[in-house]
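Following: one structure in structure tokens, then a few remarks.
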Protein chains: 2
Amino acid sequence: MRLSEYFLPILKESPAEADTVSHRLMLRGGFIRQAAAGIYSWLPLGLRVLKKIEAILRDEQEKAGAIEMLMPTLQPAELWKRSGRYDGYGEEMLRIADRQNRELLYGPTNEEMATEIAASALRSYRDAGKILFHIQWKFRDEIRPRFGVMRGREFLMQDGYSFDADEAAAKRSYEKMFVCYLRSFARMGLKPIPIAAETGPIGGDLSHEFVILAKSGESEIFCDRRILSLKASAVGGYKSDLSEEVSRWTSFYAAESARHDPKRFDDEVAQENRLAARGVEIGHIFFFGDKYAKALRASFTDRDGKERFFQSGSYGIGVSRLPGAIIEASHDEHGIVWPKPVAPFAVGLLNLNAQDKKCAALCDQLYAEMREKDVDVLYDDSDERAGAKFSTMDLIGTPTQLIVGPRDAKDSRAEIKDRATGERRVLSAEDALRALCEADRARP
Amino acid sequence: MRLSEYFLPILKESPAEADTVSHRLMLRGGFIRQAAAGIYSWLPLGLRVLKKIEAILRDEQEKAGAIEMLMPTLQPAELWKRSGRYDGYGEEMLRIADRQNRELLYGPTNEEMATEIAASALRSYRDAGKILFHIQWKFRDEIRPRFGVMRGREFLMQDGYSFDADEAAAKRSYEKMFVCYLRSFARMGLKPIPIAAETGPIGGDLSHEFVILAKSGESEIFCDRRILSLKASAVGGYKSDLSEEVSRWTSFYAAESARHDPKRFDDEVAQENRLAARGVEIGHIFFFGDKYAKALRASFTDRDGKERFFQSGSYGIGVSRLPGAIIEASHDEHGIVWPKPVAPFAVGLLNLNAQDKKCAALCDQLYAEMREKDVDVLYDDSDERAGAKFSTMDLIGTPTQLIVGPRDAKDSRAEIKDRATGERRVLSAEDALRALCEADRARP
């Protein structure tokens, strides 16, 4: 993409409303724009990040055997009255009356609707064992929306719902999603910490939330720091026994302040491994048995001919929250340092002097060759001065920069800069291109 | 995808609420499920169609130079008060009060918000000439939602907004989207008819809607039937003069009943070319000059240093309406006949006897090879009887069927059936596979 043909409104000043570093960088870098309190437009650059995150989640969900559908944003209140959650959900639920005064609501989550859909289609024990998911906008009317997309009101969620014939199978689905979420976060360059959690308004008796450490985090986390060096894997694939993998992750001490036990922490964790830090929640999974199935009459005919209720869980990731969380975990004083798999562009090509004919010709040629090779590149072909171009590219955080100034252009050379390490090297244009294409192919 | 691992709730009976053939087939075939009046869940099969349509629209938008972003579903009422449309829009607008009693609305369209975003970023005549689009859910509170997804209340729209420095450039953007829409529809197997139209609540003085002919259409269309044999093209690409291409399409008589002129129709169209039929609107484009730019103060500094307002148009396609419209135009007494580019799966593989070992082994092998070759295949590996499998595959309308019964399996043969023509031929399994892969590659 040529910057001159793109839509990238960089702000020169730090916006006053930004209350955390990710929010400031997303506004300054032209990733988002506020439409109302806690409601954002995703500008082209931000949408690219959101779509890359979505694609990773979708791919990992499908690898785990989950099936994608798409439920609407608005739901009939009647459905929530049947589950008993309508009155109890509180003011975070956006309640709406249509022109005929029928009660609707903007879905904050979809347990009821997913259960109703499953009930209509899954009739026998042979149909059980399904995980359905969707990626759809939700609304929670936070009293004090803040931290930009990290605690917005309208937000994009990937939420899944499992329907199994018995508790053992349901626990396996829970473990699948546990591992699937670990793998998804790892692909985005995040280090997730699973923490046993309260089930809150969803209900049930088993729940984990996934947090990452970040200074702006809303909760206080106490954990064994060795958990940060674990790597997510599903060695035998999703058909194997996953309980061992889940145990490996949950064997280390990890708690939020509300459930923190200082004595256990001291007893179980060697002093050098004790970590107290702030965390951001990026995912939450629940097992709640037949809670919604019973309320919504989602039953199936079991092997013995008896009608039984499905055993279920639900699994959610705040998709639109993730760009903020990733930036919190990965930035420096110059701007964002995107992990490659979620970067809006993999490469930034900088023409340091658009007036210099040799320089422009070499950049145009490099751009054409990268496009030909499907390298995901943003080409700053604008008339800005070199300093502004460096600042912009550092701010928006493309992992690799390819820099061409008049002097290098004369000798057909270009400089490659690694955004994360700051490492620079000057190569012949040909070698630089080859190095970039190799780096692009090596992306996880 | 193996049917045994999929979520495809086929209804045996025709649903009572279905008021048109596409609605009936989408419900019966497990494409959608009603959540509330005019609000639908897209089940996995339906979502696949929706995503293929989305991908075509996105690709054609980008080819025309439009840039994707994503605005939220909810908008502040204040924005619509500034444009003067808030009070006038009527009951179709879903008005919402949040917990702090701030006025919001579920966006029925996005002229105001897109203009506000453009105003914040485009400051100079050098920034002009941008088309921004998004694909997002909208809500219009129809008094009588009907025809399933064809006239739903919550619906997915692809809407674009252009910002140009003068009227001539704005007209060029209008022509680009005119041609872009023709190309998009053609890729979905549709024959669009552009018709000069009223501008309604959007405003402006130039507008075309795109309709396709369908028995269930809401409007009556009078046109020169030769328009149906035109092919959309942008021979010179979007940088060339497109006015000739637009003229070619608008030179034929075409009118909706409200603007129909029987005398002109008789004078201009030879009797054998006069066509009166019902039509469904699938897209609508508008040029409205500085209407919104003026109201929302979207100005830029022109070459002469003067502040001027952008000249704009807006361009909309009802994405979630298209699967219905395509089915209206392409079905038979057995079910849907999807054009290949928007079919939920390109190929249906039918194992006529899952108990027969040879049959199952050959099907498994064919399935594995198709997956290996990235053929988009749905494999009916279920225990159903052969007749039910034929009916299901005809109903959901995969363009090609690969049928394996015990007798053919014994000789390593398979039957290929073309859903549209009903043509069948028995080939060796190897040749059948080769033919399928070639057909898949040849898809437009």
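Computed from the coordinates by the stated procedures, all read-outs in this text should not be read as laboratory data. Keep in mind that what you see is a predicted model, and the values were worked out from it rather than measured. Don't worry about glycine lacking a Cβ; one is built from the backbone with ideal geometry, like all the others, and counts go over all protein chains shown.
Structural remarks
- Mean separation of Cα pairs under 8 Å and 6 or more residues apart, divided by the residue count, gives region A:3-335 a relative contact order of 21 percent.
- Prolate/oblate/rounded call for region B:345-441, Cα gyration tensor, a/c under 1.5 rounded: rounded
- Between the beta carbons of A:Cys437 and A:Arg385, assuming R0 = 30 Å, the FRET efficiency works out to 0.55 to the nearest 0.05.
- Computed [θ] at 222 nm, deg cm²/dmol, chain B (DSSP H ≥ 4; -39,500 (n - 2.57); rounded to nearest 500): -9500 deg cm²/dmol
- Taking region A:345-441 and dividing mean pair separation by its residue count, relative contact order in percent (alpha carbons under 8 Å, at least six apart): 31 percent
- Computed from backbone phi with θ = phi - 60° and the Karplus coefficients 6.51, -1.76 and 1.60, the 3J(HN,Hα) list for region B:429-435 is 3, 5, 5, 4, 4, 4, 4 Hz; x is used for glycine and proline.
- Separation of alpha-carbon centers, region A:175-252 and region B:5-80, rounded to whole Å: 33 Å
- Label-to-label distance, nm, for residues given as B:Arg424 and B:Ser257 (7 Å Cα→Cβ offset): 4.4 nm
- Neighbour cut-off at most 11 other Cβ (10 Å), DSSP loop, GluC sites (Glu not before Pro), region A:335-444: A:Glu423
- Euclidean distance of C-alpha centroids, region A:299-362 and region A:133-160, integer Å: 15 Å
- Across region B:380-388, computed HN-Hα scalar couplings (Karplus, 6.51 cos²θ - 1.76 cosθ + 1.60, θ = phi - 60°) run 7, 9, 7, 8, 4, 6, 3, x, 5 Hz from first to last residue, x flagging Gly and Pro.
- Taking the Cα centre of region B:3-335 as origin and assigning +1 to Lys and Arg Cβ atoms and -1 to Asp and Glu Cβ atoms, the resulting dipole is close to 600 debye.
- Other protein chain C-beta atoms within 10 Å of residue C-beta, averaged over B:129-137: 2.
- Unit charges at the beta carbon, dipole of region B:183-316: most positive-side option, B:Ala232, B:Tyr292, B:Leu275: B:Ala232
- Label-point gap, in nm, between B:Asp374 and A:Arg248 - each point 7 angstrom along Cα→Cβ: 3.2 nm
- Residue-count net charge about A:Leu242 - beta-carbon cut-off 9 Å; Lys, Arg +1, Asp, Glu -1: -2
- Nearest-first distances (nm) between copies at A:Arg278, label 7 Å from Cα via Cβ: 6.1
- Members of A:Lys130/B:Lys191; A:Lys138/A:Lys176; A:Lys417/B:Lys52; B:Lys130/B:Lys191 lying beyond 31 Å, as alpha-carbon distances in this model show: A:Lys130/B:Lys191; A:Lys417/B:Lys52
- What the Cβ-Cβ distance of B:Ala55 and B:Arg2 gives, at R0 = 30 Å and to the nearest 0.05, is a FRET efficiency of 0.80.
- Additional length obtainable on full extension of the chain from A:Arg126 to A:Lys12, 0.36 nm per residue less Cα span: 35.0 nm
- Antiparallel DSSP beta bridges within the protein assembly as shown, as percent of all bridges there, nearest 5: 85 percent
- Summarising the amide proton neighbourhood of B:Asp381: residues at separation of 5 or more, or on other chains, whose placed amide H is nearer than 5 Å comprise B:Leu3, B:Ser4.
- Amide hydrogen neighbours beyond the local backbone of A:Arg278, cut-off 5 Å, H modeled: A:Ala214, A:Ile221
- Cβ-based charge dipole, the protein assembly as shown, positive-most Cα from B:Pro108, B:Leu43, B:Ser243: B:Ser243
- Label-point spacing for A:Arg102 across the identical copies (point 7 Å from Cα in the Cβ direction), in nm and ascending order: 2.9.
- Rounded if a/c under 1.5, otherwise prolate or oblate - region B:3-335, Cα gyration tensor axes: oblate
- Degrees, to the nearest 10: B:44-63 long Cα axis against longest axis of chain B: 50 degrees
- On Cα atoms only, tilt of A:167-187 relative to the major axis of chain A in degrees: 10 degrees
- Exposed trypsin sites (Lys or Arg not before Pro) absent: longest stretch of chain A, with sites in DSSP loops and at most 15 other Cβ within 10 Å deemed exposed: A:124-214
- In Hz, Karplus ³J(HN,Hα) per residue of region B:326-332 (6.51, -1.76, 1.60; θ = phi - 60°; x = Gly, Pro): 5, 5, 4, 8, 8, 7, 9
- Taking B:Phe265, B:Phe309, B:Phe139 and counting other C-beta atoms within 10 Å, the order from fewest to most: B:Phe265, B:Phe309, B:Phe139
- GluC sites (Glu not before Pro) restricted to DSSP loop in region A:37-115 with at most 10 other C-beta within 10 Å: none
- Ordered by the count of other Cβ atoms within 10 Å of each Cβ, fewest first, B:Phe133, B:Phe252 give B:Phe252, B:Phe133.
- Peptide-level mean, for B:30-43, of C-beta atoms on other protein chains within 10 Å: 6
- Distances in nm from A:Asp364 to the matching label points in the other copies, shortest first (labels 7 Å along Cα to Cβ): 5.9
- Residue (of B:Tyr89, B:Gly324, B:Leu79) at the positive-pole extreme of region B:3-335, dipole from beta-carbon charges: B:Gly324
- Using a Förster distance of 35 Å, the FRET efficiency for A:Lys215-A:Arg264 (Cβ separation, nearest 0.05): 0.85
- Cβ-placed point charges (K, R +1; D, E -1), dipole of region A:73-215 about Cα centre in debye, nearest 20: 580 debye
- Only the Cβ atoms of Lys and Arg (+1) and of Asp and Glu (-1) were treated as charged; on that basis the dipole of region B:345-441 about its Cα centre amounts to roughly 280 debye.
- Where both bridge residues fall in region A:345-441, DSSP classifies roughly 50% of the beta bridges as antiparallel.
- The protein assembly as shown shape via C-alpha gyration tensor axes, a/c threshold 1.5: rounded
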